[in-house]
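The structure under discussion appears below in the form of structure tokens.
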Amino acid sequence: MSKASKDTPLQAEFRAHAREWLQNNHPGRPPVQLPQGALELSDPDALEWLQGWQKSAYDAGLIGCDYSTDVGGGGREDCQRIANEEMLAAKTPYLPNIIGLGMGAPTVYFHARDSVKQELLPRLFSGEDIWCQGFSEPGAGSDLANQQTFARRDGDNWVINGHKVWTTLAHFASWMILLCRTDKEDKYNGLSYFVVPIKSKLGDGVTVRPLIKMTGETGFNEVLFDDLVIPDEYRLDEVGAGWKVAMTTLSHERGAGPMVTPNAGGMSMREDSSVSTYSTQSLISMAKTQMRNGKPASDDPLIRDEIVKLHIRRQAFLQNMRRSRVSALTDHPNRIPLQNKLVSSELNQDLPQLAYQIQGHASTLSVADDKAPDGGVWPVAYMNSFGVTIAAGTNEVQRNILGERVLGLPKTK
């Protein structure tokens, strides 16, 4: 049964609109080279082109579909999923405001004051304002509640001091979702949550410093706050409710929240590579052309076996995604959404790792080397994959969450 056959009449009408609009308004290939994903964006020209794409998709009603109209959404029901399916089928580029759409928007929607929602969400959906996430700190490790960035109340304002790290897209961001401490005596109830205008405060309480990754890219940053003053209206929920608000953010980052993230993936469409998506089919094509000991790598039974294993895992992942939409087949509402982050991040790490084996010595060639297989994208994908297995809580933390909250196992000690 096709996806469209399960649509309600209103959803079917929306799907037809999305499909027709994408056929007539696909942005085509970019005029500049794009990185493999939005998290690696560092070129302002690439960002500008992607922002134009996001703005046009938003104006067409394909972004923020399920949010209420009073905050700039489409006021529809379960239509973002449909828009995503049609954008994926049309092989559109990814959306640049990935943190804003996936984490900032639902957190603001469920916890901010109405005036703040109306101020911030339309420009977030359109991509005109890029967002970043201020959670990680240099000394906190995987203990999210061990926040030391401190916000001090000063009348109707807050004064923020502290240091955030691994802050993706902060170099482009206008706004940050920020978790920090407001009470030093209570670990969990001493946390509060804010939205912070960082671009307009650069040099006036905010410093953004790029962090160079092992790929040579600069998607990560560190952000320092030095007596940054923000109004109390940008506090989300109550003082001391930061942990609760952070759980809204993390549940959506892990794919288990009620609001669907618009087009989280998309295609990189690099001009220098035939690989527009990383799949077992791409590995098969590469194995047929890469030589090992005078024969194609595809002749190696061990390589063939590993490709088949990855293909089985990929198909199991896709079928679980289908199963998650059938309530009678889900024994726990969060089992599949929570495991998806774990499974997909490890699968997307193991795919380029196998590409390393297929390419052999050629895998050491840089993306700048004309002789690098597939434009050198596979080694870069492998190095970038480690960030995803750490983000939203490490995969070790994710396994604990699944064990304790889904399987009901006792907490680890």
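Read the figures in this text as sums done on the coordinates, not as results from a lab. A quick note: this is a predicted structure, and the numbers were derived from the prediction, not measured. In this analysis, Cβ positions are derived from the backbone assuming ideal geometry, glycine residues included, and neighbour counts consider all displayed protein chains.
Annotations for the structure displayed:
- Tail beyond 20 Å, pair distance distribution of segment 132-253 (Cα, percent): 37
- Over 22 Å (Cα to Cα) - which of K187/K213; K201/K341; K164/K213; K184/K244; K164/K244 fall in this group: K187/K213; K201/K341
- Size of electric dipole in the chain: Cβ of Lys, Arg +1 and of Asp, Glu -1, about Cα centre, debye, nearest 20: 1340
- Largest GNM mean-square fluctuation across G141, G375, G37, computed for the chain with C-alpha springs under 10 Å, falls on G141.
- Phi-based couplings in Hz for segment 334-349 (Karplus 6.51, -1.76, 1.60; Gly and Pro marked x): 9, 4, 6, x, 6, 6, 4, 4, 5, 5, 5, 5, 6, 5, 6, 8
- Segment 24-95, relative contact order in percent, only Cα pairs under 8 angstrom and at least six apart counted: 28
- Shape of segment 1-118, Cα gyration tensor, a/c cut at 1.5: oblate
- DSSP beta bridges fully contained in the chain are about 80 percent antiparallel.
- Built amide H within the under 5 Å cut-off of I198, gap 5+: W175, M176
- For segment 280-406, the spherically averaged projection of the C-alpha convex hull amounts to 8.9 nm².
- Share of alpha-carbon pairs per 10 Å distance bin for the chain, given as whole %: 4, 20, 30, 27, 14, 3, 0, 0
- Most mobile of A328, A170, A372 in a GNM of the chain (Cα contacts under 10 Å): A328
- Value at 222 nm in deg cm²/dmol, rounded to 500, when DSSP H runs of n ≥ 4 in the chain each add -39,500 (n - 2.57): -12000 deg cm²/dmol
- Positive-end residue, segment 321-413 charge dipole about Cα centroid, Cβ charges, pick of S324, P352, N395: S324
- Phi angles of segment 127-139 translate, via the Karplus equation with coefficients 6.51, -1.76, 1.60 and θ = phi - 60°, into HN-Hα couplings of x, 5, 10, 8, 10, 9, 10, x, 10, 5, 10, x, x Hz per residue; Gly and Pro are given as x.
- Debye-sum result for segment 342-408 in log10 I(q)/I(0), which assumes one identical scatterer on each alpha carbon, at q = 0.21, 0.24, 0.27 Å⁻¹: -0.81, -0.94, -1.07
- Under the convention that each Lys and Arg Cβ holds +1 and each Asp and Glu Cβ holds -1, the size of the dipole of segment 132-253 around its Cα centre is about 280 debye.
- Which of G104, A57, I82, positive extreme of dipole for segment 1-104 (C-beta unit charges): I82
- Within the chain, longest stretch free of exposed GluC sites (Glu not before Pro) [DSSP loop, at most 13 other beta carbons within 10 Å]: 272-413
- For segment 91-103, the Karplus equation 6.51 cos²θ - 1.76 cosθ + 1.60, evaluated at θ = phi - 60°, returns couplings of 6, 7, x, 5, 8, x, 8, 5, 6, x, 6, x, 10 Hz by residue, with Gly and Pro reported as x.
- Computed over the chain: relative contact order in percent, which uses C-alpha pairs under 8 Å that are six or more apart: 14
- Against the empirical 2.2 N^0.38 Å (N residues), segment 155-198 has a Cα radius of gyration ratio of 1.29.
- Under a model in which nothing but the beta-carbon of Lys, Arg (+1) and Asp, Glu (-1) is charged, segment 4-129 shows a dipole of about 220 debye around its Cα centre.
- Using a cutoff of 8 angstrom between alpha carbon atoms and counting only pairs six or more residues apart, the relative contact order for segment 280-406 works out to 24 percent.
- Taking the centroid of alpha carbons for each part, segment 349-371 and segment 126-175 are 36 Å apart.
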